[in-house]
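Undergrad: One structure coming up, written as structure tokens, with questions to follow.
The values are calculated or read from the model by the stated rules, or taken from the named source; none is laboratory data. All of these numbers come straight from a predicted model, not from anything done at the bench. Cβ sites come from the backbone with ideal geometry, for glycine too, and all protein chains shown count toward neighbours.
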Amino acid sequence: MDREEQIIQLLQETRGVLAYQGSCSVLDYPKSPELESFLQNCNWQAAAPAPAAEKEKPRVQSPQDTHVPVPEKPVSKKKSEQKDLLEIATEVAGCTGCSLSEQRSCAVPGVGSGEQIRLLLIGHWLPASQNSTAVFGEAEDLMLKRMLAAINLPMDQVFITNVIKCSVGSDIQPQAEHIDACSSYLKRQITAIAPELICTMGMVATKILLRPSQPLSRLRGRFYPYQCTGGVEIPLLPTYHPGYLLQNPEMKKATWLDLQALEKRLLDG
């Protein structure tokens, strides 16, 4: 990779990081002598456009592109949480831990903002055939938004992510090594966010966190303790993925019962 390509890639990754910081309500930065010196020494001439035949670099999903609204006013968050989530998003953007990184159209570290994230929703992966601004998929995200509105849970109290942080082509079936390559990112996100509740949507996410031997139809409807770093236990409720519900609408009633259980648990505090 020549110097020009390195600069272009660095700018693309920086844009993704800034977008992620915006979702965490980091809207300004302290001025330091090092930053001022860097800005004074930068050459601000516009970079030449990349050749037309060059393959477009994968981009990091911007939280502003999704259906999840970002608060207009700054809100306070723990600096350690911001730092940890930002580091994870940066690592995801440049991850080459498995073969999926060579084919992804975008990296999807997860989206969410707000002073207090109460619920963490985990799916499997974003299909590459979908709009790259989605998390679960365009229709899936819209259904998810309606599901959360039905239990009166504001979107700024929710963080949404996937087990696999790369978009996945329809001709690719992720294997165990792909899931293992991403599982550490997910576990670190759980520790950083420390939500009140976790909801795994679909069997892939449920298997990663619970390692169950039963099918999802027998697991759903109950809370299970998930132990994260430091020995902290977080209640976890498995349910169906929105994509599954779109194909099997008869399972919406069971999922509605799960949503009501989430609502009651959050209300009880």
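Undergrad: Taking the condition of being assigned to a loop (DSSP other than H, G, I, E, B) and of a type in the set (S, T, N, Q), how many residues in region 142-193 meet it?
TA: Number satisfying all stated conditions: 5.
Undergrad: Restricting to region 157-189, what's the tally of residues that are small (Gly, Ala, Ser), surrounded by fewer than 19 Cβ atoms within 10 Å (Cβ to Cβ) and within 16 Å of the chain's Cα centre (by Cα)?
TA: Residues meeting the conditions: 2.
Undergrad: What number of residues within region 87-104 are assigned to a helix (DSSP H, G or I), surrounded by fewer than 21 Cβ atoms within 10 Å (Cβ to Cβ) and either at pLDDT 85 or above or not acidic (Asp, Glu) (or both)?
TA: Qualifying residue count, region 87-104: 5.
Undergrad: Identify the residue in region 105-164 that is β-branched (Val, Ile, Thr) and more than 24 Å from Leu266 (Cβ to Cβ) and, among all such residues, is modelled with the lowest pLDDT.
TA: Thr133
Matching residues to (1) closer than 16 Å to Leu121 by Cα; (2) under 22 Å from the mean Cα position of the chain (by Cα):
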{"position": "Pro215", "(1), (2)": "no, no"}
{"position": "Pro235", "(1), (2)": "yes, yes"}
{"position": "Tyr244", "(1), (2)": "yes, yes"}
{"position": "Met251", "(1), (2)": "no, no"}
{"position": "Ala254", "(1), (2)": "no, no"}
{"position": "Asp258", "(1), (2)": "yes, yes"}
{"position": "Arg265", "(1), (2)": "yes, no"}
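Undergrad: A follow-up question, please. Somewhere in region 190-200, is a residue more than 20 Å from Leu262 (Cβ to Cβ) and either in contact (Cβ under 8 Å) with a residue 12 or more places away in the chain or within 16 Å of the chain's Cα centre (by Cα) (or both)?
TA: yes
Undergrad: Kindly indicate the residue of region 211-269 that is over 21 Å from Ile179 (Cα atoms) and among the aromatic types (Phe, Trp, Tyr) and also surrounded by the fewest Cβ atoms within 10 Å (Cβ to Cβ) among those meeting that condition.
TA: Checked region 211-269; the qualifying residue surrounded by the fewest Cβ atoms within 10 Å (Cβ to Cβ) is Trp256.
Undergrad: Can you run down the residue pairs with Cβ atoms below 8 Å, 6 or more apart or on separate chains, where the first is in region 148-167 and free of Cβ contacts under 8 Å to residues at least 60 places away in the same chain and the partner is hydroxyl-bearing (Ser, Thr, Tyr)?
TA: Val163/Ser183
Undergrad: Here's another thing I want to ask about it. Read through the list (1) within 29 Å of Gly94 (Cβ to Cβ); (2) surrounded by fewer than 18 Cβ atoms within 10 Å (Cβ to Cβ); (3) not hydroxyl-bearing (Ser, Thr, Tyr), then give the number of the only condition that Ala150 fails.
TA: The failed condition is (1).
Undergrad: Within region 125-179, which residues are among the polar types (S, T, N, Q), within 27 Å of Arg211 (Cα to Cα) and out of contact with any strand residue (DSSP E or B) (no Cβ under 8 Å at 6 or more places or on another chain)?
TA: Gln173, Gln175 - these are the residues of region 125-179 that are among the polar types (S, T, N, Q), within 27 Å of Arg211 (Cα to Cα) and out of contact with any strand residue (DSSP E or B) (no Cβ under 8 Å at 6 or more places or on another chain).
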